[in-house]
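Quick notes on the structure that follows.
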């Protein structure tokens with residue numbers, strides 16, 4: 001007797017409820033089948049507006065434990081006992097779920113002989129079990145339904161699914177990042193609702209809004225915008241200007257404008273939304289407070305951080321008073337305020353607030369809630385800004401593992417968490433690790449989100465930056481050109497992200513010594529940013545600083561200085577005297593003074609930068625350590641070699657301790673100290689250090705990295721000064737071979 005025959009005999013001995021449950025399980029995923037699914041469906045109050053489907057689903061659930069408006073766990077367990085007695089189903093004591101062996105799963109499906117009707121009923125049960133509420137338990141439960149939903153919809157015609165059930169299935173797909181599947185379902189929902197209720201029925205308009213949301217999630221903002229405009233206009237006409245749904249639709253359109261970089265358009269709409277909600281719903285209504293938060297976010301994107309901060313403080317205080325200190329919306333407002341602190345370089349303030357958010361979110365929503373994981377990621381990002389890369393990495397690894405376990409390997413949030421970890425690797429000088437992870441991220445983004453999704457394009461840009469860090473400028477350039485062209489096509493010529501990609505390409509030209517190409521592109525970026533973002537937006541000011549750097553490399557020191565003075569003054573006025581970007585602009589101006597031989601002016605400015613960075617960023621922040629190194633270089637140019645050496649030893653020791661023995665910045669600090677030894681005629685000391693630097697750079701950066709070749713050239717000079725001509729010539733031959741390659 002075959003195994004299938006044995007199962008058939010067992011099946012024939014089952015009562016009707018057990019047979020029904022087995023058939024249901026055959027159309028679900030073979031693992032993770034819970035009593036909770038059937039209980040939630042049985043207790044659902046959703047009116048399907050389809051009497052026959054409602055009665056059939058109720059009849060099916062009655063067999064499993066539904067009793068009027070309640071649920072009998074005893075009845076369900078009795079049905080399960082029948083299946084377990086024949087070894088047709090197993091119980092997972094750890095997860096409190098049931099599973100079926102894949103072979104049994106496949107065989108039990110044959111007992112229905114292609115009955116699509118029961119497949120529709122099972123999808124209906126899944127949909128009935130879903131509620132549009134958003135507690136931690138709701139998120140966790142809906143995540144368990146994804147695989148069951150995918151199995152149940154396989155080969156099922158979408159047109160045959162109840163539209164109300166489809167909307168619940170859409171929610172499952174949206175939360176799990178399956179936006180294409182959500183879109184496909186929502187298109188059918190919209191058409192069915194339109195045919196049944198008419199173009200202007202509120203439910204039809206709501207279905208259009210949800211469809212626009214699926215476009216938005218895919219980064220298809222141009223597709224979302226016209227649909228949201230229609231939604232807004234229809235609601236104005238049908239419900240009136242001041243109906244809450246009309247106001248909400250206007251707010252959603254504003255968010256879409258913001259995503260396209262149209263911040264002035266977004267701001268104008270958000271001001272209207274805020275005023276209307278205030279007048280219609282009152283100052284303290286959650287929707288009014290939410291509208292204030294959205295406007296604050298737009299201020300933040302425009303670089304108007306003080307305006308954003310002022311509004312965010314109001315939002316936070318209102319939510320504390322109206323909703324309570326621990327309400328998820330209150331915690332969200334704190335997170336947004338922390339992000340604004342971060343943008344202003346107030347990293348300690350940001351960190352303090354983010355720690356509170358993370359600690360409060362855990363007990364309220366649970367360790368594995370997406371918002372809890374997001375709060376950990378935000379804190380990790382602040383650690384990264386502070387140069388605390390080890391702390392950032394440790395937290396990001398936890399975030400990545402949690403998102404992977406909770407959401408799955410291919411969820412967009414999981415992929416983003418991998419990308420964030422890769423950026424930290426890049427900052428640590430672990431470029432091979434960064435590259436390996438970024439290639440995985442890029443491929444996953446392409447497969448999950450599509451070639452032209454903004455996040456996919458961003459992943460390509462991040463990989464290009466890592467290529468540049470490795471001195472692979474041709475590879476970086478090739479990828480950056482693709483990124484720039486894609487952003488022009490997808491986002492538009494003037495979108496801020498498009499301009500950023502142009503700036504990155506210009507920087508790569510700069511690294512290749514193609515200063516005229518860099519300058520031409522930087523001028524375009526600067527002019528566009530002035531027009532799109534305004535003269536005083538931080539990104540506009542940074543673009544001026546980038547152009548000044550190109551002038552410096554071209555030896556146009558007066559042009560560089562003139563622009564850098566403007567940049568420094570603007571940074572002071574817009575960001576404040578102590579903002580990290582202001583201090584960077586001062587450091588760049590000091591470098592220009594050095595190039596002109598104005599070492600006293602350079603020294604005076606570098607001392608100010610160093611002291612400010614110590615106070616603002618801390619003694620061991622990488623930027624602080626760099627400023628000490630810059631001051632040491634100025635001492636060197638002045639022939640103050642002992643002063644230079646003393647500072648360089650400090651720099652080398654700090655970079656070793658903070659960044660690690662093999663970090664590229666540590667190796668650079670060793671090379672600078674070796675140069676100071678050379679200036680003092682201490683060639684043996686210089687040689688010993690240069691040999692170490694060369695070997696480490698070969699190991700860390702590779703034989704062909706520009707910094708490795710530079711260290712070889714430095715060692716050649718040291719050999720020649722000592723009369724070690726054979727060693728010098730041999731190394732020169734090696735250098736030429738590498739340059740030819």
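Quick notes on this structure:
One line per residue, one yes/no per condition, for (1) surrounded by fewer than 23 Cβ atoms within 10 Å (Cβ to Cβ); (2) outside the structural domain of residue 53 (by TED's automatic domain parsing):
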| site | (1), (2) |
| --- | --- |
| 136 | yes, no |
| 141 | yes, no |
| 160 | yes, yes |
| 165 | no, yes |
| 174 | yes, yes |
| 179 | no, yes |
| 182 | no, yes |
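- A count restricted to region 82-92 and to residues that are part of a loop (DSSP other than H, G, I, E, B) and either under 9 Å from residue 14 (Cβ atoms) or modelled with pLDDT under 90 (or both) stands at 3.
- The residue list 108, 129 contains one member that is assigned by TED's automatic domain parsing to the domain that holds residue 5 and within 33 Å of the chain's Cα centre (by Cα), which is 129.
- Whichever residue in region 715-732 is within 21 Å of residue 696 (Cα to Cα) and without any contact (Cβ under 8 Å) to a residue 24 or more places away in the chain and, among such residues, is surrounded by the fewest Cβ atoms within 10 Å (Cβ to Cβ): 730
- Qualifying residue in region 695-709 (condition: without any contact (Cβ under 8 Å) to a residue 60 or more places away in the chain, farther than 17 Å from residue 431 by Cβ and surrounded by 15 or more Cβ atoms within 10 Å (Cβ to Cβ)): no
- Residue that is free of Cβ contacts under 8 Å to residues at least 24 places away in the same chain and either within 30 Å of the chain's Cα centre (by Cα) or surrounded by fewer than 21 Cβ atoms within 10 Å (Cβ to Cβ) (or both), where the choices are 532, 566, 574: 566
- Listed conditions (1) surrounded by fewer than 24 Cβ atoms within 10 Å (Cβ to Cβ); (2) in a helix (DSSP H, G or I) are all met by residue 273, apart from (1).
- Only a single criterion out of (1) touching a strand residue (DSSP E or B) at 6+ places or on another chain (Cβ under 9 Å); (2) free of Cβ contacts under 8 Å to residues at least 12 places away in the same chain is not satisfied by residue 52, namely (1).
- Restricting region 692-728 to residues that are in a loop (DSSP other than H, G, I, E, B) and either at pLDDT 90 or above or more than 36 Å from the chain's Cα centre (by Cα) (or both), the residue that is farthest from residue 434 (Cα to Cα): 723
- Residue 527 meets the conditions (1) assigned to a helix (DSSP H, G or I); (2) within 27 Å of the chain's Cα centre (by Cα) in every case but one. The failed one is (2).
- Elements of type helices (runs of 4 or more DSSP H) contained in region 177-267, each with 2 or more residues being under 26 Å from residue 298 (Cα atoms): 202-217, 221-238, 244-259
- Flag if residue 674 is surrounded by fewer than 21 Cβ atoms within 10 Å (Cβ to Cβ) and not assigned by TED's automatic domain parsing to the domain that holds residue 508: no
- Condition check for residue 616: surrounded by fewer than 23 Cβ atoms within 10 Å (Cβ to Cβ) and either touching a strand residue (DSSP E or B) at 6+ places or on another chain (Cβ under 8 Å) or modelled with pLDDT of 95 or more (or both): no
The values are calculated or read from the model by the stated rules, or taken from the named source; none is laboratory data. Keep in mind the model is a prediction, meaning the values are calculated, not measured. Using ideal geometry, Cβ is built from the backbone for each residue, glycine included, and neighbour counts are taken over all protein chains shown.
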